[in-house]
Structure formats: C-alpha cells, structure tokens
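Engineer: Below is a structure I'd like to ask you about.
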Amino acid sequence: MSEGDFITLQDLIETKPRPVKLPVKIAAEIMGVPPRFLQMALQQGRFPFGVGVEMTAWSYYINTERFIKYMTGQELTYYNHRPPLL
C-alpha cells in the first residue's frame, strides 16, 4: 500500500499483514475528508486513533488497528486525550 493508491476501508481491513501506521493522506481518503482537516483534528486530540506532534514541523501518527476500530464503530467513545497545558 502506497500513498498513490486509492484505498477503501474494506481494502485496509483485508490487507495482510496490516501496516502499523497509516499516512494522513490515506486515512483522510478513507474518511472522506481533506488531509488538512485530519491533520488539524489530530493536532487538537479529536480522534482516539492518532496524534499530531509539533517538532520543527508537525508529525502525525495514525495507528491502523485503532483507525479500523473507530471507522467500523467498535470504538465510539469520544474523548480529548491531549494533556492539559501547564
């Protein structure tokens, strides 16, 4: 699976072995949202399947298994997991 390929949620579910992490572009495509929307939501801690971290530039991590659970309704709990600012 590469970023240039069109992929559906079903394709991802059927991929064996599954990648540990997903690129933002592929996850956004599956969700039907622009990549920037997903990046902003990850930065704000809005989804339980990934995180955005600011270093010299923003970096993103999306866990494949948690993404699939979220997208199939197995993980419906909403929470903002971003730690409070001190």
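Engineer: Considering only residues that are in contact with an Asp or Glu (Cβ under 8 Å, 6 or more places away or on another chain) and within 22 Å of Gln74 (Cα to Cα), look in the range 37-56 and name the one that is modelled with the highest pLDDT.
Structural biologist: Taking the range 37-56 first, the residues in contact with an Asp or Glu (Cβ under 8 Å, 6 or more places away or on another chain) are 43, 48-49.
Remaining after also requiring within 22 Å of Gln74 (Cα to Cα): 48-49.
On the way: Pro48: 92, Phe49: 95.
The selected residue is Phe49.
Engineer: Just to check your reading of the model, which residue among Lys16, Lys69, Lys21 is among the charged types (D, E, K, R) and in contact with a Pro (Cβ under 9 Å, 6 or more places away or on another chain)? So that I can check it myself, show each step before the final result.
Structural biologist: Numbers: Lys16 fails: in contact with a Pro (Cβ under 9 Å, 6 or more places away or on another chain); Lys21 fails: in contact with a Pro (Cβ under 9 Å, 6 or more places away or on another chain).
After applying the criteria, what remains is Lys69.
Engineer: When the residues of the range 40-75 are narrowed to those that are touching a Gly at 6+ places or on another chain (Cβ under 9 Å) and aromatic (Phe, Trp, Tyr), which ends up farthest from Ile7 (Cα to Cα)? Let's see the steps before the verdict.
Structural biologist: As a first pass, look at the range 40-75 and keep what is touching a Gly at 6+ places or on another chain (Cβ under 9 Å): 40-45, 51-52, 58-63, 66-67.
Add one more test, that the residue is aromatic (Phe, Trp, Tyr), and what stays is 58, 60-61, 67.
Values: Trp58: 24, Tyr60: 19, Tyr61: 18, Phe67: 14 Å.
Looking at the filtered set, the residue picked out is Trp58.
Engineer: Just name the residue that is modelled with the lowest pLDDT out of those in the range 1-36 that are surrounded by fewer than 17 Cβ atoms within 10 Å (Cβ to Cβ) and among the acidic types (Asp, Glu).
Structural biologist: Glu3
For every residue, the table says whether it meets (1) among the small types (Gly, Ala, Ser); (2) under 18 Å from Met71 (Cβ atoms); (3) not in a helix (DSSP H, G or I).
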| site | (1), (2), (3) |
| --- | --- |
| Leu12 | no, yes, no |
| Lys16 | no, yes, yes |
| Ala27 | yes, yes, no |
| Leu42 | no, yes, no |
| Phe47 | no, yes, yes |
| Tyr60 | no, yes, yes |
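Engineer: Take the residues in the range 37-66 that are without any contact (Cβ under 8 Å) to a residue 12 or more places away in the chain and within 21 Å of Thr8 (Cβ to Cβ); name whichever of them is surrounded by the fewest Cβ atoms within 10 Å (Cβ to Cβ).
Structural biologist: Of everything passing the filter in the range 37-66, Phe37 is surrounded by the fewest Cβ atoms within 10 Å (Cβ to Cβ).
Engineer: Cβ-Cβ under 7 Å, sequence separation 6+ or interchain: first residue in the range 8-32 and over 15 Å from Tyr60 (Cβ atoms), partner in a loop (DSSP other than H, G, I, E, B) and modelled with pLDDT under 95. Which pairs?
Structural biologist: Thr15/Met1
The values are calculated or read from the model by the stated rules, or taken from the named source; none is laboratory data. Owing to the predicted nature of the structure, the values given are computational and were not obtained by experimental measurement. Counting neighbours? That spans all protein chains shown, and the Cβs are built from the backbone with ideal geometry, glycine included.
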